[in-house]
Each structure stands twice: as structure tokens, then as C-alpha cells.
Amino acid sequence: MTADDWLGVLGSVGIVICLVFVFTGAIPVLAAALTFLVIPLHSFINHYAQASPRFPRVAIVLPAWNEGAVIGASIDRLMQLEYPKELLRIYVVDDASTDDTPQVIDSKVAQYPGSVVNLRRNRGGEGKAHTLNFGIREILKDDWMQALLIMDADVIYLPHSLRRMTRHFADPKVGAVSAYIREGSADKNYLTRFVGLEYVLSQPAARRAQNVLGAQACLAGGAQLHTRENLLAIGGQIDTSSLAEDTITTFETQLNGRTVVFEPLAIVLAEEPQSIEALWKQRLRWARGNVSVTARYKAVWFHPSRVHNLGTVPFGVVWFSLWLLPIAMIVSSVGLVSLLFLQSELSTVVFRSLWIGAACTYVFVLALGVQTDSRISKQAWREVITFPGIISMIVMLTAFFPGLVEVQLPGLFGVTLSQQALFAFTVSVYIWIPFSMVVAWLARRAEPTRAGRWLSPTLIYLAGYGSLLCAITFDSYIKEARRAEAVWDKTEKIGRVAS
Amino acid sequence: MSDQHESAFDAAQQELEKDTRGERRLIAYFVVALAVVAVLVVLHQVFYA
């Protein structure tokens with residue numbers, strides 16, 4: 001073979017490698033499409049046929065650390081649940097609070113004698129799982145509890161929510177039921193509206209798909225109901241070795257052969273972070289927890305089992321496509337830019353195919369997802385439109401309607417882009433997705449400055465909320481690689497939920 | 001069963017039947033979402049194919 005032949009072979013190999021790189025960006029898109037295509041099947045494949053009214057004795061364990069602003073309202077709302085009062089007991093575990101939480105709890109114990117129990121830890125600050133375990137140990141000391149509801153101090157249960165959860169226990173295979181955590185702040189800002197929309201897409205939409213697939217990824221931390229049998233089967237306590245205790249509880253339940261059901265119509269309101277900094281801390285904790293879960297259950301992934309569905313290929317693809325999304329975005333962009341230099345015409349075809357697919361999937365996911373909770377979607381209509389980010393929308397338009405952005409729009413202003421300008425524009429479009437994570441990071445850095453009040457929201461609307469979440473996931477890789485200390489960092493709650 | 005429990009049971013039973021029927025709305029949501037995507041694809045075909 002001549003040198004030219006070798007160069008040809010190397011070029012072909014390079015093109016194949018680039019195509020493989022680019023295709024990694026399509027995997028999350030395919031996973032999202034698969035998830036949302038499954039949702040309508042929930043009309044027929046759901047757990048309602050096995051459900052029937054059930055009213056077990058429910059012990060509610062309510063961890064509280066400096067929750068004086070919210071704990072009273074939470075207890076009041078729990079006592080207003082449409083559920084027989086004699087079948088409910090609320091165990092408030094005061095994690096050595098230093099505010100007026102003990103006084104508020106004492107007043108509620110007096111107000112609801114026999115229904116509210118005050119359990120105080122003298123040494124606190126070890127994290128939610130330790131606090132929960134303190135309460136669970138007390139609750140398991142007698143046989144009264146038939147079902148255990150784990151919740152957060154700040155959430156508000158709608159009156160019908162608990163009985164909508166307990167009805168699934170008519171099926172003895174069910175070990176746990178999760179409710180829909182809806183963003184419920186009274187004073188919403190752009191970020192809480194984005195979070196609210198994210199919760200719509202990830203819960204009443206995506207978790208219905210997980211019901212159909214028979215595997216749930218995570219019970220909601222603030223709304224999970226376990227049977228006594230399930231709680232005992234997973235060791236009678238919550239895992240304290242990682243930051244992802246809810247996910248580990250969910251996995252252990254299913255690995256023990258019990259079903260986890262998501263009940264989309266049991267609605268629980270929660271306040272979510274209003275600042276990027278607070279959201280970053282919360283999600284970094286979740287993302288680092290997911291790193292440990294992925295490693296801990298390495299024997300489960302892609303190993304189908306007769307006992308559970310966590311090892312199925314669809315569940316594995318969905319799990320890893322979310323967990324590795326930032327890497328997929330970077331690798332895909334590297335492949336696309338490399339392909340541009342190796343074979344520009346092919347790169348154009350590949351770019352358009354990828355982004356047309358992404359645009360169709362995005363439109364389908366949002367159009368289907370927002371209908372599953374129209375109340376939140378109406379409140380967040382601006383965030384619905386700009387969810388992928390304004391610049392990503394322009395990239396989608398570039399793929400879907402070639403010439404519109406490069407030729408026709410500049411032409412309206414009498415501008416014709418030169419070849420160099422078009423090439424620079426193309427490279428910018430190809431690298432935008434990984435770069436959007438940098439913009440999201442800049443939004444975080446800008447937040448405490450004087451300009452941050454308008455600059456941070458502007459940057460998030462431009463980069464997209466998804467890019468912000470990807471940037472946080474990427475940060476979790478860095479923290480894990482550096483073996484940074486994993487601390488339980490409580491998200492501040494000040495009682496903003498609309499009651 | 002006490003009157004209170006019987007009443008709660010009846011309410012829960014009616015709620016379950018209503019919720020079961022309500023899940024069929026997902027089919028309509030799916031059709032609407034597909035229609036939105038179809039409009040996008042048709043626009044693409046008409047103006048840029």
C-alpha cells in the first residue's frame with residue numbers, strides 16, 4: 001500500500017470514529033423518546049386493577065432540623081388528611097434543633113393528643129437518614145405501624161393523597177408507593193418555575209413510563225410509603241452510607257422482589273430552591289449519590305432477572321443516559337467538529353439528522369409531558385417554550401430549516417455571511433451544547449453580583465435549564481474524581497409552600 | 001366497620017374508579033403530542049424539503 005492508501009484508510013477510520021462519537025449524543029435522545037412513547041401505555045398497563053381501598057395504620061416519620069417556620073403547618077395539614085384519624089400517628093424527630101422547632105412540636109402534641117409524638121435527638125446534624133432511623137427504631141418497637149410514610153418537614157400533602165397511596169397495598173407484592181412531588185411555592189421565580197416543569201416531566205410523565213416498564217428509579221424523598229414487611233425486609237432502617245438513601249431504599253425494595261408503584265394522582269406540594277446556588281448544592285448531593293448508587297449496583301445493570309426489572313436494557317439505558325448526559329454531549333460535539341474538518345458535507349448531514357431528531361423528540365416530550373399537569377404548565381408557559389434554551393432553539397431551527405438562520409434572517413437586514421463567517425457559525429453551532437454548560441456555570445458565578453439579578457436568569461434562559469442540570473452533573477464527576485468530602489447539606493426551607 | 005370508615009371506603013372506591021378511567025386521557029395527550037410533531041415535520045417538508 002502506498003502512503004496515499006494509508007492516508008485514505010486512516011481518514012475512513014477517523015470518519016467512523018467521529019460518527020460513533022456523534023452517535024453517543026443520540027442515545028439520550030432515543031432514551032427520552034422511548035420513555036415518553038411508553039407513557040400512553042399507562043392507560044392500560046397500570047396498577048389500578050390490583051388496587052382497592054385500604055386503610056392500614058400509618059406511622060408518619062417527620063424529620064425536623066430547625067424547621068420552626070414550616071413544621072406547624074405540615075402537622076396541621078397532615079391532620080387534615082382524608083384518612084381515619086385513629087389510623088394515623090405522626091412521629092416528629094427533632095434533630096437537635098436550635099430554633100423554636102421543639103416549642104412548635106410541643107404545641108402540636110398538645111393540640112392533637114395521641115396523634116403527634118415528639119422524638120428529640122440530643123445529638124443531631126448527621127443527616128436525614130440518621131434522623132429517620134432514630135424515628136423508625138422507635139416506631140418498630142411495637143406492632144402498631146402497618147405502613148410507614150417517610151416525608152420532609154416542609155411538604156404539604158393534599159387531603160386525598162395518602163389514601164391514593166395506600167390503595168396499592170391491596171396487592172401484597174407492592175412494597176412501597178411514591179407520590180408526585182409538585183413544586184408548590186407561593187412566590188415562584190424563574191428557577192422554581194423551571195424546577196416545577198422539570199418535576200412534571202420527570203414524575204407524572206416519566207415515572208408513569210417506569211410503572212409500565214416495572215422498575216422505578218427513585219422513591220420521592222418527601223413522599224414514600226412502605227409496608228411494614230418491606231421496611232423489615234430492607235433491614236428496618238434507611239441506608240446511611242451514601243447521599244442517595246432514597247434511591248438505595250428504592251433499589252433494595254425491588255431487589256427483594258417487591259414492586260414500587262408511582263401514584264401520579266397523590267400530590268404533595270414542596271418548596272424548591274429559588275437560587276442557582278441552592279439548587280446547585282441540592283442537585284450536586286443527588287448527583288454524587290447517583291454516582292455511588294451506580295457503582296454499588298454494578299452487578300445489576302443490564303443483567304435481566306426474574307425477581308426485578310432493574311436489570312432490563314431499557315431501564316439501564318434510561319439510567320445511564322441521564323447519568324452520563326454531560327459526557328455524551330461533549331463527546332458528540334467533539335465528533336461533530338472533527339467530522340467537519342474531515343468531511344464537511346457528511347458533518348452537515350449528520351448534524352441535521354441528529355438535531356432534527358432531537359428537535360422532534362424535544363417537542364414531543366414537552367407537548368406530551370406538559371399535559372400531565374396542566375396547572376404547573378400554565379404557570380410556567382415561558383419556561384415550557386424556552387426549556388432547552390433560546391440558543392439551542394436557534395440551533396434546532398438551523399437544523400430543521402436550513403438557510404433560515406444563515407441566509408434568510410441576515411438577508412432581511414441586507415447582510416450576506418462570508419464563507420469564513422458561515423464556517424465560524426457552523427463551528428459555534430456544533431460546540432454550543434457543551435459550551436452551554438459553561439454558560440450555566442457562569443450564571444451561578446454571576447448570581448451573587450449586583451448584575452446577577454438580571455444576568456443569571458438571562459443566561460439560564462439562553463443556555464437552558466437542562467444545561468444547568470448537566471453542569472451540576474459534570475461538577476459531581478469532578479467532586480468524585482477529587483474524592484471531595486460528601487456532606488449532607490440541607491436545602492433551606494422557609495415555608496413558601498402555598499397552603 | 002364504623003360509619004366513618006364505611007364513608008371513607010366508599011369515597012376511596014369512587015376515587016379509584018374515576019382515576020382508572022382518567023388514565024385513558026394519556027392516549028389523547030399522546031395523539032396531541034404526535035400532532036404537534038407532525039405539524040413541525042409538515043412545515044419542514046413544505047418549505048425546506
Selection status of A:Gln419, within 13 Å of another protein chain (Cβ to nearest Cβ) and farther than 24 Å from A:Ser467 by Cα: no
For the range A:87-129, which residues satisfy the criterion of being of a type in the set (S, T, N, Q) and not in a strand (DSSP E or B)? A:Ser97, A:Thr98, A:Thr101, A:Gln103, A:Ser107, A:Gln111, A:Ser115, A:Asn122
If you go through the range B:6-23 one residue at a time, how many are more than 17 Å from A:Pro56 (Cα to Cα), among the acidic types (Asp, Glu) and in a helix (DSSP H, G or I)? 3
Evaluate the range A:164-176: report whether one residue or more is within 14 Å of chain B (Cβ to nearest Cβ), within 19 Å of A:Val61 (Cα to Cα) and of a type outside the set (A, V, I, L, M, F, W, C). yes
Given the conditions (1) of a type outside the set (Val, Ile, Thr); (2) within 14 Å of chain B (Cβ to nearest Cβ); (3) farther than 24 Å from A:Leu243 by Cα, report the number of the one that A:Arg193 does not fulfil. (2)
For the subset of the range A:57-69 comprising residues that are more than 14 Å from chain B (Cβ to nearest Cβ) and of a type outside the set (A, V, I, L, M), which member is surrounded by the fewest Cβ atoms within 10 Å (Cβ to Cβ)? A:Gly68
How many residues of the range B:1-29 are basic (Lys, Arg) and at the interface with chain A (Cβ under 7 Å from one of its Cβ atoms)? The answer is 1
A:Trp381 passes all but one of the listed conditions (1) surrounded by 13 or more Cβ atoms within 10 Å (Cβ to Cβ); (2) more than 13 Å from every other protein chain (Cβ to nearest Cβ); (3) within 20 Å of A:Gly464 (Cβ to Cβ); the exception is number (1)
Candidate set: the range A:425-445, residues that are of a type in the set (A, V, I, L, M) and buried (at least 19 other Cβ atoms within 10 Å of the Cβ); chosen: the one nearest to A:Ser332 (Cα to Cα): A:Ile433
Could you tell me which numbered condition B:Val32 fails, if it satisfies all but one of (1) facing chain A (nearest Cβ under 7 Å); (2) more than 22 Å from the chain's Cα centre (by Cα); (3) closer than 21 Å to A:Thr361 by Cβ? (2)
Selected residue (criterion: nearest to the other protein chains (Cβ to nearest Cβ)) from residues of the range A:18-56 that are among the aromatic types (Phe, Trp, Tyr) and surrounded by fewer than 17 Cβ atoms within 10 Å (Cβ to Cβ): A:Phe44
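Just so you know, all these numbers are worked out from the coordinates, no wet-lab data involved. Not measured: the values here are computed from a predicted model. For neighbour counting, all protein chains shown are included, and Cβ atoms are generated from backbone atoms with ideal geometry for every residue, glycine included.
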